[in-house]
Amino acid sequence: MDLRYPIGKYQTKVSLTPPERAEAIAQIAETPKRMRDVVTGLSGGQLDTPYRPGGWTVRQVAHHVPDSHMNAYIRMKLALTEEGPTIKPYEEGLWADLPDSRETPVEVSLALLEFLHLRWDVLLRSLKPEDFARRFRHPAIGEMALDNLVHHYAWHGRHHVAHIASLRSREGWD
């Protein structure tokens, strides 16, 4: 198994059927609980263990997910309120190395993730099917539809929860 991709690499999906979209939205809504469940009970030393050799620590992963999902939420709102905006990417590796990602208790990011996803879920469930075709431009990737963003972030949450779950299993921390 490739420890970088415990659920497999992301497979791009540009547009979703209504059932696929509903499933992706449900997965986004479940991400905070799944993240909380997978880090609950870990000691400080366990939180500071990389999920793979050369990878981020569990703590960094727990902080990365709300960082990334906040960016996705803002990108979505930009696409809903502007015509084809160009979004600003960020250096996720550098963000993960900042002191707040290395030192802050994970509870702070768990709470942030929960409240962010409450807002995101309200927004997602309020959209009309045609809203998911709205687009934005990522400077490195190109044009993306909101359906693709939703699909990607449903995978993204599962991907990082699986990093931690896989480490817990390998280390016998269950």
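The values are calculated or read from the model by the stated rules, or taken from the named source; none is laboratory data. Keep in mind it's a predicted model, so treat the numbers as computed, not measured. Cβ atoms come from the backbone with ideal geometry, glycine included; neighbour counts cover every protein chain shown. With ligands, DNA and RNA removed, areas are computed over all heavy atoms of the protein, side chains included. Shrake-Rupley method; radii C 1.70, N 1.55, O 1.52, S 1.80 Å.
List every residue pair whose Cβ atoms lie under 6 Å apart, where the two residues are 6 or more positions apart in sequence or sit on different chains, the first residue falls within segment 12-37 and is on the phi < 0 side of the Ramachandran plot and open to solvent by 70 Å² or more (accessible area, probe 1.4 Å), and the second residue, located anywhere, is at pLDDT 95 or above and charged (D, E, K, R).
Filtered contacts from segment 12-37: SER15/ASP147.
If the requirement is being part of a helix (DSSP H, G or I), at pLDDT 95 or above and touching a Lys or Arg at 6+ places or on another chain (Cβ under 9 Å), which of these qualifies: LEU94, LEU112, LEU123, LEU116?
After applying the criteria, what remains is LEU123.
Being part of a helix (DSSP H, G or I), open to solvent by less than 10 Å² (accessible area, probe 1.4 Å) and out of contact with any Ser or Thr (no Cβ under 9 Å at 6 or more places or on another chain) narrows it down to one of ALA79, ALA154, so name that one.
None of the other options fit; the residue is ALA79.
Please count how many residues of segment 48-63 are in contact with a Ser or Thr (Cβ under 8 Å, 6 or more places away or on another chain) and buried (at least 21 other Cβ atoms within 10 Å of the Cβ).
Qualifying residue count, segment 48-63: 6.
So which residues in segment 133-143 are in contact with a Ser or Thr (Cβ under 9 Å, 6 or more places away or on another chain) and either among the basic types (Lys, Arg) or open to solvent by 10 Å² or more (accessible area, probe 1.4 Å) (or both)?
ALA133, ARG137, HIS138, PRO139
Note down all Cβ pairs under 6 Å where the first residue falls in segment 144-156 and is over 21 Å from GLU83 (Cα atoms), the second is surrounded by fewer than 22 Cβ atoms within 10 Å (Cβ to Cβ) and among the aromatic types (Phe, Trp, Tyr), and they're at least six residues apart or on different chains.
TRP155/TYR10
Within segment 35-45, is even one residue within 16 Å of the chain's Cα centre (by Cα) and among the basic types (Lys, Arg)?
Yes; the residues of segment 35-45 include at least one that is within 16 Å of the chain's Cα centre (by Cα) and among the basic types (Lys, Arg).
Take ARG75 and tell me if it is in contact with a helix residue (DSSP H, G or I) (Cβ under 7 Å, 6 or more places away or on another chain), of a type in the set (Lys, Arg) and either under 25 Å from ARG34 (Cα atoms) or without any contact (Cβ under 8 Å) to a residue 40 or more places away in the chain (or both).
Yes.
Restricting to segment 109-128, name every residue that is aliphatic (A, V, I, L, M) and either over 17 Å from the mean Cα position of the chain (by Cα) or open to solvent by 80 Å² or more (accessible area, probe 1.4 Å) (or both).
Once the filter is applied, which keeps residues that are aliphatic (A, V, I, L, M) and either over 17 Å from the mean Cα position of the chain (by Cα) or open to solvent by 80 Å² or more (accessible area, probe 1.4 Å) (or both), segment 109-128 yields LEU118, VAL122, LEU127.
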